[in-house]
1. Consider segment A:82-115. How many of its residues are in a loop (DSSP other than H, G, I, E, B) and surrounded by fewer than 22 Cβ atoms within 10 Å (Cβ to Cβ)?
2. Looking only at helices (runs of 4 or more DSSP H) that lie completely in segment B:265-336, which have at least 2 residues being in contact (Cβ under 8 Å) with a residue 24 or more places away in the chain and outside the structural domain of residue B:51 (by TED's automatic domain parsing)?
3. Which numbered condition trips up residue A:242, out of (1) at pLDDT 95 or above; (2) within 11 Å of chain B (Cβ to nearest Cβ); (3) touching a helix residue (DSSP H, G or I) at 6+ places or on another chain (Cβ under 9 Å)?
4. Could you say which residue among B:23, B:57, B:79, B:27 is in a loop (DSSP other than H, G, I, E, B) and out of contact with any helix residue (DSSP H, G or I) (no Cβ under 7 Å at 6 or more places or on another chain)?
5. So which of B:302, B:267, B:278 ends up being crowded, with 17+ Cβ neighbours inside 10 Å, within 8 Å of chain A (Cβ to nearest Cβ) and under 21 Å from residue B:126 (Cβ atoms)?
6. Would you confirm whether or not segment B:84-93 contains a residue that is within 20 Å of residue B:314 (Cβ to Cβ), in the same structural domain as residue B:315 (by TED's automatic domain parsing) and at pLDDT below 95?
7. Which members of segment B:1-13 meet the condition of being surrounded by fewer than 17 Cβ atoms within 10 Å (Cβ to Cβ) and either modelled with pLDDT under 95 or under 22 Å from the mean Cα position of the chain (by Cα) (or both)?
8. Are any residues in segment B:202-225 within 14 Å of another protein chain (Cβ to nearest Cβ) and farther than 14 Å from residue B:176 by Cβ, and if so, which ones?
């Protein structure tokens, strides 16, 4: 068996992760026990949530142990197997790690996938993966959209946000997106079909609040929140009565102490709510979500963008794009 | 007609209200137009929400115009009437102002009340008024309690909080209250029947988080939030999966720039929600709420405490007790 390159977490990041928090090492490929199988990882999903797994406290997942490879969703091919149902050559998807080869076992979360069912196998990490399911269930189940609603999406050029904006349009809503920079904003309206785009760069809370009011002249009925900070606070100032905020992420806070949401009083004024959402609550319904997303994609109603960077040796740089906002669409790392 | 003493808002408070933001003046009693009636105010309710009405932005109510008397719920007796259904001598309750006499009209929010139905007429400003209805509908409709749930109440010695704790016990929940100082904490457990009381004074966020964890060893299923700041943030760190936070008030932020809620990420981890509540949404069901509250009070299951200060000339001092936390129970000002 070939050697296994592994991208290890060597030190818990203090704020923004730095290169030396990680180390790319080469280790022997592990031996298999009965019931286990070895996956040759081809693609890994790079997600903001991984930042939280690097902290000592953990969040909805236990922290990544120091010295372990960085946990990530990957897709790959079974290279060797001592587990029933996972034959050599089978494509699989699951929560593995940034490494050439991952050990898994039957009865875990690793599932067989069929590349012939999708345009690109990487779609299993975007539209048919956690990202797509987060957009689907988060938007439909947590935000409860009604036709004619105005939907504000923050982090709108991101993997989840760009899908949510398109789902809003599919469901007859007005979609307003917030993103960083003129290129991303142009993409929101031109590529993803948002009705309006707001560039948050160079805007303070007051200017953002005003920009949202202009883009959403009838107020905001729901927010799909990925960012937090002044972007959330500006959104809260534009809520309609009974508005729903689906809280999917707070990327502005992952590498710094949170500024804090200062306009919660608007929830009282508007009898509005903020509800946290996590895609793992919907695992049993992923089939339903994937079928619908696939239908819309096939009908040309859903544009999916993936940025595939190459090489495990570039894992750090690619991961950090998520926080710099320099990725274009779903961030994926090609490992092999 | 006698003269009318009126407690006017002369300047919008900058942070904590100071005495000179107000002025007690004496004006002639107004003449009545057709359809109007004049109320001799006997008691006024002093509530934290009044602070928001003094700001230029307003909240769920328009701001009090400068030079107008401070808006307040009052109960009083019709002194003179040119309106059908409001005869001289009738007791009424409504949103009036801190003044001896208020002008009102039929078809507004002023309603006849019957003092013979309640132990004390002031109960219309506490258990049967906005305070009681906020506790009743906020707890039952917004927090959706289930038997065995652990309920965390902040501002627990306050007018609303003390009722919510008792409602929690009536509904088979474990009630944990947070209040300021050992006397108030003793009152929570001894008088209102809370299972545990936490004194927030001298505790930072970490100590508060720990104290809540100790008082709620099975975690917190719902928070009835009146305070905000580090008290809310400490509560968020103790939520159970699917917990509900009913946001009733944020008194820690009314006189200062908000610190901001910094632990919103816990809503994602726990798939929890924060929902703003305002009692005016339930006006049509006040009869139902008052009947239930009356039943429980008559059965000795609800202890109601009122602090009645005397004299319109003391309006400022009495109002400021709400923020100093030196009131004992529902703060009421006796005007006549």
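The values are calculated or read from the model by the stated rules, or taken from the named source; none is laboratory data. These figures come from a predicted structure and were not determined experimentally. Note that we place each Cβ from the backbone using ideal geometry, even for glycine, and neighbour counts take in every protein chain shown.
1. The total comes to 14.
2. Details: elements: B:265-269, B:286-298, B:315-324.
Result: B:265-269, B:286-298.
3. The failed condition is (3).
4. Values: B:23 fails: in a loop (DSSP other than H, G, I, E, B); B:79 fails: in a loop (DSSP other than H, G, I, E, B); B:27 fails: in a loop (DSSP other than H, G, I, E, B).
Of the residues listed, the single one that is in a loop (DSSP other than H, G, I, E, B) and out of contact with any helix residue (DSSP H, G or I) (no Cβ under 7 Å at 6 or more places or on another chain) is B:57.
5. From the options B:302, B:267, B:278, the qualifying one is B:278.
6. Looking for residues that are within 20 Å of residue B:314 (Cβ to Cβ), in the same structural domain as residue B:315 (by TED's automatic domain parsing) and at pLDDT below 95, one finds none in segment B:84-93, hence no.
7. Within segment B:1-13, the first condition is being surrounded by fewer than 17 Cβ atoms within 10 Å (Cβ to Cβ), and the residues that meet it are B:1-3, B:10-13.
Matches in segment B:1-13: B:1, B:2, B:3, B:12, B:13.
8. Of everything in segment B:202-225, those that are within 14 Å of another protein chain (Cβ to nearest Cβ) and farther than 14 Å from residue B:176 by Cβ turn out to be B:205, B:206.
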